[in-house]
Amino acid sequence: MGSPEEILGRKALVLEFRDKKKKRKTHKAKGFTAKERRELKLFEINPDHQRYHMYLPLHDLWKQYIRDLCHGLRPDAQPQMIQNKMLKADLHGAMVTVFKSKCPSYVGLTGIILQETKHVLKIITKDDKLKVVPKLNCVFSVEIDGFISYIYGSRLQMRASERSAKKFKAKGSIDL
């Protein structure tokens, strides 16, 4: 064969070996778990902030948002088009009235939507009371610039972010 110097002179000597398959994992910042959110009370509205007059500017912003979304809410606008836009719109800040409900104590309740979850709406009323209204089995009416839109709560039974991307099919009325 040959001397070790001759063998080493012809071949490459690997001093450090790296496995190309192993890549360093990047660690993303994790959010809070549901338990941690409850413990931190992230989504609870402080009783000091449950004042109707505090949310009137939010309602004004929402009205401007809907006007921009529906291109001015002209009288010649198609009601079906506005109805579809209202279904997909973010309702935080909307002045809403419970028009129909299986539970009669909710009917007639009017206020500004402060918080919307998958199954409930948190509404602040004019007498500074925070009411939690389930979406299921309720029909809500939203009035803006003389145009009244009726929204079935069963159609809203998802998060606002998911609803904005959903395509709604025309359905008949729902019995309450």
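The values are calculated or read from the model by the stated rules, or taken from the named source; none is laboratory data. As the structure is a prediction and not an experimental result, all values here were calculated from the model. Glycine also receives a Cβ, built like all others from the backbone with ideal geometry; neighbour counts cover every protein chain displayed.
Looking only at helices (runs of 4 or more DSSP H) that fall completely inside segment 28-139, which ones have 3 or more residues that are in contact (Cβ under 8 Å) with a residue 24 or more places away in the chain? Full working, then the answer.
Values: elements: 34-40, 56-69, 79-88.
Filter on segment 28-139 gives 56-69, 79-88.
So Glu143 fits all but one of (1) farther than 17 Å from Ile45 by Cβ; (2) in a loop (DSSP other than H, G, I, E, B); what number is the exception?
Checking Glu143 against (1) farther than 17 Å from Ile45 by Cβ; (2) in a loop (DSSP other than H, G, I, E, B), the one that fails is (2).
Name the single residue, out of those in segment 37-69 being surrounded by 14 or more Cβ atoms within 10 Å (Cβ to Cβ) and aromatic (Phe, Trp, Tyr), that is farthest from Asp128 (Cα to Cα).
Tyr65
On the basis of being at pLDDT below 70, at negative phi and not in a helix (DSSP H, G or I), does Lys23 make the cut? Can you show your working first?
Values: at pLDDT below 70: yes; at negative phi: yes; not in a helix (DSSP H, G or I): yes.
Spelling it out, Lys23 is indeed at pLDDT below 70, at negative phi and not in a helix (DSSP H, G or I).
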